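Before any comments, here is the structure.
The values are calculated or read from the model by the stated rules, or taken from the named source; none is laboratory data. Since the model is a prediction, treat every value here as computed from it, not as a measurement. All Cβ positions, even for glycine, are placed from backbone atoms using ideal geometry, and neighbour counts span all protein chains on display. For the accessible areas, the whole protein counts, side chains as well, though only heavy atoms, and no ligand, DNA or RNA atoms are used. Shrake-Rupley method; radii C 1.70, N 1.55, O 1.52, S 1.80 Å.
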Amino acid sequence: MLLNLIRFFRVIRIKKLLVHKQLFLWAAIVWAGIIVFFCLIQLNNVPLGNVSNIDKYVHAFFHFVLTSFCYLFLKKQISSSNSLKPLVFSFLFSFFFGIVIEISQELFTLSRHADIYDVSANTSGAVLAVAIAVLFKK
C-alpha cells in the first residue's frame, strides 16, 4: 500500500514537472497562432491612431514575445547552462517564421502584401529578445 502511494505521488510530481516544462512551448504555439491570425486578416477598417509606422512596432513586439517564449522553452530542454543553442534556434525560428508570414501575405491574401520593412521589424524584435536574454543570463 505504501509503495503504491509513493508511486502515485512520483507520477503526480513528474506530471507537474512536464506541464511546467511544456508551458513555454504552448505559449509559443498560441502566440505564433496569434501572429498568423493578425498578419493574415484584413485590417483596413481598424483605427491604428496617428503613430506613423505603428505596424512595425507591432511586428517587433510580436517577434520579441515569440523569440522569448521559444528561448524560455528551449532553455528548459537543454541542460547546459552556457549553451547558445536556445538563443540561436529561437532567433532563427522567429526570423524564418516572419519571412513565411510575409510570403503568405503576398500569396494568400488580397489586402496584405509582403514588406521587407516588416521583416526588418520582425528581426529587430527577435534581436531585442536575444539581447535581453544575454543580459539577464549573466
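Quick notes
- Contact map, region 36-60: first residue modelled with pLDDT of 65 or more, second residue part of a helix (DSSP H, G or I) and exposed (fewer than 11 other Cβ atoms within 10 Å of the Cβ), Cβ cut-off under 9 Å, separation 6 or more or different chains; pairs are 40/108.
- Which numbered condition residue 65 misses (of (1) modelled with pLDDT of 90 or more; (2) open to solvent by 40 Å² or more (accessible area, probe 1.4 Å)): (2)
- Counted residues, region 97-138 - those being acidic (Asp, Glu) and open to solvent by 50 Å² or more (accessible area, probe 1.4 Å): 1
- Taking (1) surrounded by 15 or more Cβ atoms within 10 Å (Cβ to Cβ); (2) without any contact (Cβ under 8 Å) to a residue 12 or more places away in the chain; (3) among the basic types (Lys, Arg) in turn, residue 85 satisfies each apart from (1).
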